[in-house]
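Quick notes on the structure that follows.
Bear in mind that the values in this text are calculations on the coordinates, not laboratory data. Not measured: the values here are computed from a predicted model. Cβ placement follows ideal geometry from the backbone for every residue including glycine, while neighbour counts extend to all protein chains displayed.
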Amino acid sequence: MSRIGVRPITIPAGVEVTVGEGNLITVKGPKGELSSKVSENMAIKIEDGVLTVERPDDGRENRSQHGLARTLIDNMVTGVTNGYEKKLVIVGVGYSAAKQGKKLVLKLGYSHPIELEDPEGITTEAPDANTVLIKGIDKAQVGNYAADIRAWRPPEPYKGKGVLYDGEVVHKKEGKAGVATA
């Protein structure tokens with residue numbers, strides 16, 4: 001039995017979940033609306049403000065989709081109630097981030113600043129020059145945009161410079177051995 005798939009999802013007040021044709025799940029809440037299609041084999045039941053996902057049998061495909069369907073629905077419910085946030089930290093001399101209207105401007109050691117327009121449904125903030133906050137209601141979209149920003153200058157292992165997730169630890173390597181410094 002799936003440990004994740006069998007857990008019920010409590011639907012908070014102010015959130016409306018509807019199951020459409022072909023298991024198209026639509027979740028409306030105070031922060032917005034999300035919809036996603038889950039496996040048609042899953043039976044989704046809503047009773048007394050509690051949503052459960054059940055699978056028809058223990059076939060390989062159904063077992064693999066059970067926990068995924070439940071997690072996708074739970075992420076949508078959490079997104080429309082609380083939202084998601086990723087924090088990036090910029091480390092390096094001369095590296096910085098600033099917000100200009102709907103654009104995030106990054107200076108990451110290139111000959112030009114990198115200007116990134118906020119995608120639909122995502123907001124970015126630069127509370128200081130070394131921090132970027134990415135907020136949105138879709139967990140996957142927030143994580144993908146954070147990864148896109150980080151890809152411009154991933155942390156390097158010798159000095160630890162680059163764009164890091166908050167709390168990420170860069171294991172630093174030792175430099176060349178046996179080099180005399182003057």
Hey, got a sec? Which GluC sites (Glu not before Pro) in region 112-182 land in a DSSP loop and have at most 13 other Cβ atoms within 10 Å? GLU120, GLU168, GLU174
Any idea what angle helix 139-151 forms with the longest principal axis of the chain, computed on alpha-carbon atoms, 0 to 90 degrees, nearest 10? 20 degrees
How about region 1-108: which trypsin sites (Lys or Arg not before Pro) there are in a DSSP loop, with at most 12 other Cβ atoms within 10 Å of their Cβ? ARG3, LYS102
Of the chymotrypsin sites (Phe, Trp or Tyr not before Pro) in region 47-117, those whose Cβ has at most 16 other Cβ within 10 Å and which sit in DSSP loop: TYR110
Near the amide H of ARG153, under 5 Å away, which other amide H atoms are found, from residues 5 or more places off or on another chain, if H is placed in the peptide plane? VAL163
Which residues qualify? For ILE122, with a placed amide H closer than 5 Å and at least 5 residues away or on another chain, they are none
For region 100-182, build the convex hull from the C-alpha positions and give me its volume per residue in Å³. 130 Å³
Against the longest alpha carbon principal axis of the chain, how many degrees, from 0 to 90 and to the nearest 10, is the axis of helix 60-81 turned? 70 degrees
Sum up the charges of everything whose Cβ sits under 14 Å from the Cβ of VAL170, counting Lys and Arg as +1 and Asp and Glu as -1, but leave VAL170 out. +2
What full-extension length gain, to one decimal in nm, is calculated for GLU85 and VAL169 as 0.36 nm per residue of separation minus the Cα-Cα distance? 28.3 nm
